[in-house]
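Student: Take this structure first; my questions come after.
The values are calculated or read from the model by the stated rules, or taken from the named source; none is laboratory data. Worth saying up front: this structure is predicted, and the values here are computed from it rather than measured. So basically every Cβ, Gly included, is an ideal-geometry build from the backbone, and we count neighbours across all protein chains shown. For accessibility, only protein heavy atoms count, side chains too; no ligands or nucleic acids. Shrake-Rupley method; radii C 1.70, N 1.55, O 1.52, S 1.80 Å.
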Amino acid sequence: MSEFTVYSIPGSPFGRSVLAALEEKGASYRFAPVAPGTLRSPEHLARHPFGRIPVINPKRAARMDQVMNVNDWYLFHGVGNVIVYHRVVGPRVMGLTPDEAAIAAAMPKARAVFGELAQLLGEQSYFAGDAISLADLMVAPAVEFFTHTPEWSELGAPHANLVAWLTRMQVRASMKATTWERLTELAQAA
């Protein structure tokens, strides 16, 4: 039995990159071809909620990478860089007034992203299982920003597991030592 299953369209440079990396490492894998034009099919959306390729089976390391990519491509792009910017960063750093239309336009994607993060977390303590990983350390600061917005009640409340995970993260020494307020103090003392 293969350790990795890679779902991709033959000829995809993204799929090829993953397959080449597995070849370089001598890792056991199975290629599962995805037909062009089926990325929005229910079957493929069950594998990747945003209809992308390649998709790799959800082992611990693959899950960590998956969550980190959700953070980079979906939580930040079009969600955090809009809602957090208009609600937190812009007003706090530059004295800007939030653009309510931009925030409203970002909310459908935000709901999808928070729903997917909650689904990926499931009943685990952390995104890759029982131990903290880079995924948790990347996603927690981004998600924590949303707790300072009125949108948090809509984005966090439906996902008790995500709220509980964030609470676990916020009490960690690493998170307490790196708050915006703490880093501002360190910057002023430098």
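Student: Of the residues 90, 78, only one is of a type outside the set (Ser, Thr, Tyr) and either free of Cβ contacts under 8 Å to residues at least 12 places away in the same chain or touching a Leu at 6+ places or on another chain (Cβ under 8 Å) (or both); which? I'd like the intermediate steps shown before the answer.
Tutor: On the way: 78 fails: either free of Cβ contacts under 8 Å to residues at least 12 places away in the same chain or touching a Leu at 6+ places or on another chain (Cβ under 8 Å) (or both).
Selected residue: 90, the only one of 90, 78 that is of a type outside the set (Ser, Thr, Tyr) and either free of Cβ contacts under 8 Å to residues at least 12 places away in the same chain or touching a Leu at 6+ places or on another chain (Cβ under 8 Å) (or both).
Student: Which condition from (1) under 27 Å from residue 124 (Cβ atoms); (2) out of contact with any Ser or Thr (no Cβ under 6 Å at 6 or more places or on another chain); (3) of a type in the set (A, V, I, L, M) is the one that residue 9 breaks?
Tutor: With respect to (1) under 27 Å from residue 124 (Cβ atoms); (2) out of contact with any Ser or Thr (no Cβ under 6 Å at 6 or more places or on another chain); (3) of a type in the set (A, V, I, L, M), residue 9 is out only on (1).
Student: Same structure, new question: Out of all the residues in segment 144-163, is one or more at positive phi and part of a loop (DSSP other than H, G, I, E, B)? Explain how you work it out, then say what you get.
Tutor: Pass one, segment 144-163, residues at positive phi: none.
No: segment 144-163 contains no residue that is at positive phi and part of a loop (DSSP other than H, G, I, E, B).
Student: Collect the residues in segment 140-190 that are of a type in the set (Ser, Thr, Tyr), open to solvent by 70 Å² or more (accessible area, probe 1.4 Å) and modelled with pLDDT of 95 or more, keeping them in residue-number order. Steps first, please.
Tutor: Restricting attention to segment 140-190, the residues satisfying the condition of being of a type in the set (Ser, Thr, Tyr) are 147, 149, 153, 167, 174, 178-179, 184.
Restricting the remaining residues to those that are open to solvent by 70 Å² or more (accessible area, probe 1.4 Å) gives 153, 167, 178.
Residues satisfying the conditions are 153, 167.
Student: Here's a follow-up. If you take the residues of segment 1-14 that are under 17 Å from residue 63 (Cα atoms) and of a type outside the set (Ser, Thr, Tyr), which of them is most open to solvent (accessible area, probe 1.4 Å)?
Tutor: This residue is 3.
Student: Something else now. Against the definition (open to solvent by 70 Å² or more (accessible area, probe 1.4 Å), of a type in the set (A, V, I, L, M) and more than 24 Å from residue 62 (Cα to Cα)), how does residue 137 come out, yes or no?
Tutor: Numbers: open to solvent by 70 Å² or more (accessible area, probe 1.4 Å): yes; of a type in the set (A, V, I, L, M): yes; more than 24 Å from residue 62 (Cα to Cα): no.
Spelling it out, it is not the case that residue 137 is open to solvent by 70 Å² or more (accessible area, probe 1.4 Å), of a type in the set (A, V, I, L, M) and more than 24 Å from residue 62 (Cα to Cα).
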